[in-house]
Amino acid sequence: MSALSDNLVTFAILAYLVAMIGHAVEYALGNVRTRVATAAPVRELVGAGGGVVPTPPAPVPSPPTADRSAGRARLAGLVGVGATAVAAALHLAALVTRGLAADRMPWGNMYEFVLTVTFIGVAAWLVVLWKRPSLRKLGLFLTLVMVLLVATAELVLYVPIVPLVPALNSYWFVIHVSTIVFASGIFLLGVVPAVGFLMRNGYEQGKRSFPYTLAKRLPGAVGLERLTFALHAFAFPIFTFAVIAGAIWAEAAWGRPWGWDPKETWAFISWVVYAGYLHARATPSVKRNVATWIAVLGFLTMLMNLFGVNIFFTGLHSYGGLD
């Protein structure tokens, strides 16, 4: 069962790669627009009363090549969405088989944690895409993130299945880690429209240097910013509950609710930054791009908590599984 899980992760990475290529093709062909040929001069008819009645020119059909390219772009985008759904199914199957092989929830080390967080992120993306199909072109950036993180988990963070350390053998393991995983997955998805908004907002303001030109075919900045806020506003209360649940678990396991352990400290830093984002977003005097940069900073602190703390620090939460 463990070997099956490993193979499913590999197939999921390949499916995410196919999805990314499909979205990239749609993105590349997205500049094809229906072109209207130069209209003939407006003809003027003399009415019965001597007035001049302009006759609008007949519409000129778009070139067949433009229609074909637009159709191919849409097909490539749909292939990207389909491949993303297949990858998510493989991803879920890998998690389930990993859990069955370990006889526990698959959240016991960095490898399993990253796999679960990325699955939550892509599952949430499919829900968002179902509700708002116009956001499909964000799929290029989402699948790029999936390829990078899942491949990193498989190639760098992988560890064989081992029993949980004694401190994790508690029902709080399910309560605390599940909520942390869920909130982290939504924050992961939230950073995609956040970065997209920052680029698109700059492009709409006339900036034509890199990376603003990458946002030429993204949805409007207003919609991306609203999606960013909605995702963070949804995830933040769950993340808050997860931090509180962790403190309760720490009291039961170690006899104190908070000890400024490196992971506890960085979780608190992330909480403060995300709270700062929501406060800034609700303050009319704070520009939306400034607030969005705070959201991006919040995700960077989450990455630090996941990778940096587990790799460079030692503490009571050193369950990464890496030597």
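The values are calculated or read from the model by the stated rules, or taken from the named source; none is laboratory data. If you're wondering where the values come from, they're calculated on a predicted model, not measured in any experiment. A quick note on method: Cβ atoms are made from the backbone with ideal geometry, for glycine too, and the neighbour counts reach across all protein chains shown. Calculation scope for accessible area: heavy atoms of the full protein, side chains included, ligands and nucleic acids excluded. Shrake-Rupley method; radii C 1.70, N 1.55, O 1.52, S 1.80 Å.
Only one of ARG208, ARG200 is more than 28 Å from THR116 (Cβ to Cβ) and crowded, with 23+ Cβ neighbours inside 10 Å; which? Step through it out loud before you land on a result.
Working: ARG208 fails: crowded, with 23+ Cβ neighbours inside 10 Å.
That would be ARG200, the only listed residue that is more than 28 Å from THR116 (Cβ to Cβ) and crowded, with 23+ Cβ neighbours inside 10 Å.
For the range 9-17, does any single residue satisfy the condition of being surrounded by 13 or more Cβ atoms within 10 Å (Cβ to Cβ), over 19 Å from LEU142 (Cβ atoms) and modelled with pLDDT of 75 or more?
Looking for residues that are surrounded by 13 or more Cβ atoms within 10 Å (Cβ to Cβ), over 19 Å from LEU142 (Cβ atoms) and modelled with pLDDT of 75 or more, one finds at least one in the range 9-17, hence yes.
For PHE173, state whether it is among the aromatic types (Phe, Trp, Tyr), closer than 26 Å to THR240 by Cα and open to solvent by 40 Å² or more (accessible area, probe 1.4 Å).
no
Scan the range 22-31 for residues that are surrounded by 15 or more Cβ atoms within 10 Å (Cβ to Cβ) and either assigned to a helix (DSSP H, G or I) or at pLDDT 95 or above (or both) and jot them down.
Answer for the range 22-31, where residues must be surrounded by 15 or more Cβ atoms within 10 Å (Cβ to Cβ) and either assigned to a helix (DSSP H, G or I) or at pLDDT 95 or above (or both): GLY22, HIS23, ALA24, VAL25, GLU26, TYR27, LEU29.
Determine which single condition VAL162 fails, assuming it passes every other condition in (1) under 23 Å from ASN305 (Cβ atoms); (2) touching a residue at least 40 places away in the same chain (Cβ under 8 Å); (3) open to solvent by 30 Å² or more (accessible area, probe 1.4 Å); (4) in a helix (DSSP H, G or I).
(4) is the only condition that VAL162 fails.
Looking at the range 225-273, which of its residues are in a helix (DSSP H, G or I) and over 29 Å from the mean Cα position of the chain (by Cα)? Lay out the reasoning, then the answer.
Narrowing the range 225-273 to residues in a helix (DSSP H, G or I): 225-254, 262-273.
Those that are in a helix (DSSP H, G or I) and over 29 Å from the mean Cα position of the chain (by Cα): ILE248, TRP249, ALA250, GLU251, ALA252, ALA253, TRP254.
Which of (1) assigned to a helix (DSSP H, G or I); (2) within 18 Å of MET302 (Cα to Cα) does VAL127 not meet, given it meets every other one?
Tallying (1) assigned to a helix (DSSP H, G or I); (2) within 18 Å of MET302 (Cα to Cα), VAL127 fails exactly one: (2).
Contact list please: Cβ distance under 6 Å, first residue in the range 89-106 and assigned to a helix (DSSP H, G or I), second residue among the charged types (D, E, K, R), pairs at least six apart or on different chains.
Partner pairs satisfying both residue conditions: none exist.
Just to be sure I understand the filter: pairs with C-beta atoms under 6 Å, separated by 6 or more residues or on different chains, first member in the range 229-250 and closer than 14 Å to VAL181 by Cα, second member among the hydroxyl-bearing types (Ser, Thr, Tyr) and open to solvent by 20 Å² or more (accessible area, probe 1.4 Å). Which pairs pass?
ILE238/THR179; PHE241/THR179; ALA242/THR179
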